[in-house]
Amino acid sequence: MAFLQPFLYDSSSLTKRLSHSQLPHKYFTNTTTRTRRRRTTKTVITVKELFLKQRTQKRLIQCSAVAEVGGGLSIDEKKSEESEEDQKILLGSSVEEEEKGEGIKVEYNWKEEWYPLYLTQDVPEDAPLGLTVFHKQIVLYKDGNGVFQCYEDRCPHRLAKLSEGQLIDGRLECLYHGWQFEGDGKCVRIPQLPTGAKIPRSACVRTYEVKDSQGVIWVWMSDKNPPNFDKIPWFENFARPGFQDVSTIHELPYDHSILLENLMDPAHVPISHDRTDWMSKREDAQALLFKVLERTDRGFAGQWGREQDQDTPNFLRFEAPCVLQNNREIVDKNGETHYFTGLFLCRPAGQGKSMLIVRFGRTKTLLLTKFFPKWYFHQNACKVFEQDMGFLSSQNEVLMKEKVPTKQLYLNIRSSDTWVAEYRKWMDKVGHGMPYHFGHSTISLPKEPAVVEHAPAGFVAGISASLPAKGGLGIMQAPNLSNRYFRHVIHCKNCRTVVKAFEFWKNALSIVAVASAALAVLVTGRQWKVLLLVSTAFFSATAYACSSAIAMNTTNFIRIHRRL
């Protein structure tokens, strides 16, 4: 990361004149001017004076209880010093910053966008897949020709979920009455029709355009306009020769905007994810430098880094509706450039829920990573999200309860929260075109609260992990996404296969261990007893290792100080 010049704020630039009608009476000051004909009085106040008084007064109300019981300086002695320090530390602590872009709205329609549905490699070959974009429920499947098809997840007969159905000869069958659909949503079979009767033309399902691009399935949600293929994101690094990535998918129990906010917050990583991987250490927590390079109606971009990393900055880009990438380039001693990317595709999956596709890739592969299986990196990614889950789900609850924009709740500082503030201000511009949003200065709450039911845990979850579900329950009866099995394993083909394999070997080795122990009791030769007992210990230890591997893939991480 490169040394990034911090933003410089000249307090003199805050001074401008306001008209009499713009100011509250309590902030007026009088200055007098004389002319030959008459005496006039003008009321003048600088924006800086007004803003500092308002902010100081607000913070006095918020912190008055602390001031009454605490020692040290009195409130009056603190307020001038505090207001000046706030401008140096806090984002939006000057009126110029606060007013910049406020009230601007741009044309935006959430349906006129491509949304990331699933990793191509994880789409089931033998079953339909129920998914959600905001409040729209859809079903994705691969037909007999290997072509991806996407429909509204609702049978036109009696509204049963098609994602609970099955695939018959490449056609999607509703398991309620056996109606079958193919291609463009046309119904091709109704078992209950009389002989010779034709299928009604209205017996069809609404379709959505889907596109497989760079290993991700994207869906176009518009019901009015044809798909705009130019809007499908293209990630240059993923097309580079030799570029390799580890991709995972996760379903999470909080709003996609909170997820994005968390992913564009590098300052929390050393604290929240201390020692989770080889790089995150809490003693490395420090002030970061940010510089916004681009703001558009569709997002923003910039660079960030630590002060000591002068030559290799991180480049962050957010693009509507839900794409975040962090890129870095490093030139080695031979002059060869190596490319690194962290790509986050965050689909809104209903109020209080989101689906995330994570793709970490690089052109230079670390030797150490070759000795670890894919599932190890997958479970480590799950661990990262579990470490943040308590913070983010509670943050979601507070936003819903308080019902006010984030600027009234957040205390963003320049050296850690720049991207968060930029994202919430972007939401101000486009939120009117979304089903709901939490902006910096505006808010539009969901009409229905999120309802998430509890899922099995512990021993029951271990059993269910060997029988992964492919369908889903009703939207108001969703599995508990705080459980790693439901959050990741059922969505990941690799981890499902691994869990099944470990389950098989655990059972097989346990049986062999029991048989070996029984034989050790029955045999009379001393050498045979020793050999069988050693074998029993070995098979038991191996079975335990398989059980531990299953637990790593299906059991949540719990911080040590939170364990009972």
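Residues that are within 30 Å of His440 (Cβ to Cβ) and not assigned by the TED database to the domain that holds Met427 do occur in region 194-217. List, please: which pairs have Cβ atoms under 7 Å, are six or more places apart or on different chains, and start with a residue in region 276-296 that is within 22 Å of Phe557 (Cα to Cα) and end with one that is open to solvent by 100 Å² or more (accessible area, probe 1.4 Å) and in a loop (DSSP other than H, G, I, E, B)? Here the result reads Lys281/Arg275, each pair linking region 276-296 to a residue that is open to solvent by 100 Å² or more (accessible area, probe 1.4 Å) and in a loop (DSSP other than H, G, I, E, B). For region 269-287, the condition of being part of a strand (DSSP E or B) and either more than 18 Å from Arg414 (Cα to Cα) or open to solvent by 30 Å² or more (accessible area, probe 1.4 Å) (or both) holds for none of the residues. Scanning region 430-444 for residues that are surrounded by fewer than 23 Cβ atoms within 10 Å (Cβ to Cβ) and in a helix (DSSP H, G or I) gives Val430, His432, Gly433. Exactly one residue out of Glu85, Glu68, Glu102, Glu49 is modelled with pLDDT of 55 or more, open to solvent by 80 Å² or more (accessible area, probe 1.4 Å) and over 30 Å from Cys492 (Cα atoms), and it is Glu102.
Contact annotation: residue pairs with Cβ atoms under 7 Å, 6 or more positions apart or on different chains, pairing a residue in region 297-325 that is closer than 16 Å to Asn262 by Cα and open to solvent by 60 Å² or more (accessible area, probe 1.4 Å) with a partner that is modelled with pLDDT of 90 or more and of a type in the set (S, T, N, Q), are Arg317/Gln325. Picking from residues in region 395-426 that are surrounded by fewer than 16 Cβ atoms within 10 Å (Cβ to Cβ) and among the charged types (D, E, K, R), the one that is modelled with the lowest pLDDT is Glu397.
Of Phe360, Phe391, Phe385, all but one fail to be assigned to a helix (DSSP H, G or I), under 28 Å from Arg282 (Cα atoms), open to solvent by 50 Å² or more (accessible area, probe 1.4 Å) and in contact (Cβ under 8 Å) with a residue 60 or more places away in the chain; the exception is Phe391. In the condition set (1) surrounded by 13 or more Cβ atoms within 10 Å (Cβ to Cβ); (2) at pLDDT 90 or above, Gly352 is compliant with all but (2). Residue under question is Thr369, and the condition is that it be closer than 23 Å to Gly215 by Cα, at pLDDT below 90 and open to solvent by 20 Å² or more (accessible area, probe 1.4 Å); does it hold? Against the criterion (closer than 23 Å to Gly215 by Cα, at pLDDT below 90 and open to solvent by 20 Å² or more (accessible area, probe 1.4 Å)), Thr369 qualifies.
Among the candidates Leu531, Leu509, the residue that is more than 30 Å from Asp388 (Cβ to Cβ) and open to solvent by 70 Å² or more (accessible area, probe 1.4 Å) is uniquely Leu531.
The values are calculated or read from the model by the stated rules, or taken from the named source; none is laboratory data. Quick caveat, the model's predicted, so the values are computed rather than measured. Positions of Cβ are generated from backbone atoms using ideal geometry, with glycine treated the same way; all protein chains shown enter the neighbour counts. SASA here: full protein model, heavy atoms, side chains in, ligands and nucleic acids out. Shrake-Rupley method; radii C 1.70, N 1.55, O 1.52, S 1.80 Å.
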